[in-house]
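Below: one structure, written as structure tokens.
Laboratory data are not the source of any read-out in this text; all were calculated from the coordinates shown. Quantities reported herein were computed from a predicted structural model and do not represent experimental measurements. All Cβ positions, even for glycine, are placed from backbone atoms using ideal geometry, and neighbour counts span all protein chains on display.
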């Protein structure tokens, strides 16, 4: 069954037919994308949707749903993706689309994709209305004719005049949030036309806070000890489809590949493990990394020095709470100090008040007040 305006044109992918299956217990998943880039279009525009089955074995029966109703069914052999083409969009094509694959066992359905078809002379197209800090945002003042002048506005103020219909903001910040619109002029010296788009609201938010590297060891760092590095950050945007990736570095060199775990463990510490440590956090589909302040770790055979943070560095905040380390004494004559945070308890993730500074305490108090693995993190250091 096909909806009016649909034409299923198959796209053949180059596949390696070495085993392309799934691990047992890992169902295949469908991914629906817009090949023509824009989810908001004018009537008469062309729309191309692509459905791809991840981690699955062909052949597949591809199913496309619009607003919960099946609108297209295509059977393929040896293919893990297919495209659906709407050659001339009408208002009836506005809706929410989902795709799914089915062979002997159905795949998981794709995330929904919304298509909006608008009638009129001009629209402002954006790749997304919800952006993350440091993203790039491209907008297009779309008209069926060739424009001679395009004006872009933010909060009703003119920000750019050009001939090209597309305009890109790079490395967006929260200040780029606002309401955007455009005015386009087209025609010839004998007949000029001009039209204004409807406004589009753009929101820019930070995905997560700046990371803080916390060094955890049971005593002053000496040869043979175990050292745990915690990279702490807090999500400010809840995106369930986004996975944070953690990187741990020593003297600017990666200690391991990216991981979804926010702790790195060094066992049987040697003098060579002394150095300048940092961590970085990024998100898979954004590609922007945030780095922590550096922490200098000294390793000795006689336990003279444990850990010394870089001095004169303003500590970042985590969820509005200050979180920093105080440089520790460097001689045997001074009393040994340890890092402490009275709020870093099993209720770590939900503590409402600001972080207390990390106070100089005895090692006994440190062990009593700071759990080795905060329950909110739910991580176990690897070997």
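List of remarks:
- Ascending count of other beta-carbon atoms within 10 Å, so fewest first, for 232, 198, 296: 198, 296, 232
- FRET efficiency, residue 177 to residue 300 (Cβ-Cβ, R0 35 Å, nearest 0.05): 0.10
- Computed over segment 120-205: relative contact order in percent, which uses C-alpha pairs under 8 Å that are six or more apart: 36
- Only beta bridges with both residues in segment 120-205 are counted; by DSSP, about 90 percent of them are antiparallel.
- Taking a point 7 Å out from the Cα of residue 168 in the direction of its Cβ, the residues of segment 117-151 whose backbone N falls within less than 11 Å of it are 136-139.
- Among 141, 231, the order by Cβ neighbours within 10 angstrom, fewest to most, reads 231, 141.
- Fewest neighbouring Cβ atoms within 10 Å first, the residues 190, 60, 38, 121 line up as 190, 121, 38, 60.
- The simple spin-label model puts a point 7 Å past each Cα toward its Cβ; for residue 92 and residue 160 those points are separated by 3.7 nm.
- Site pair residue 77 and residue 226 shows an inter-label distance of 5.8 nm when each label is modelled 7 Å from Cα along Cα→Cβ.
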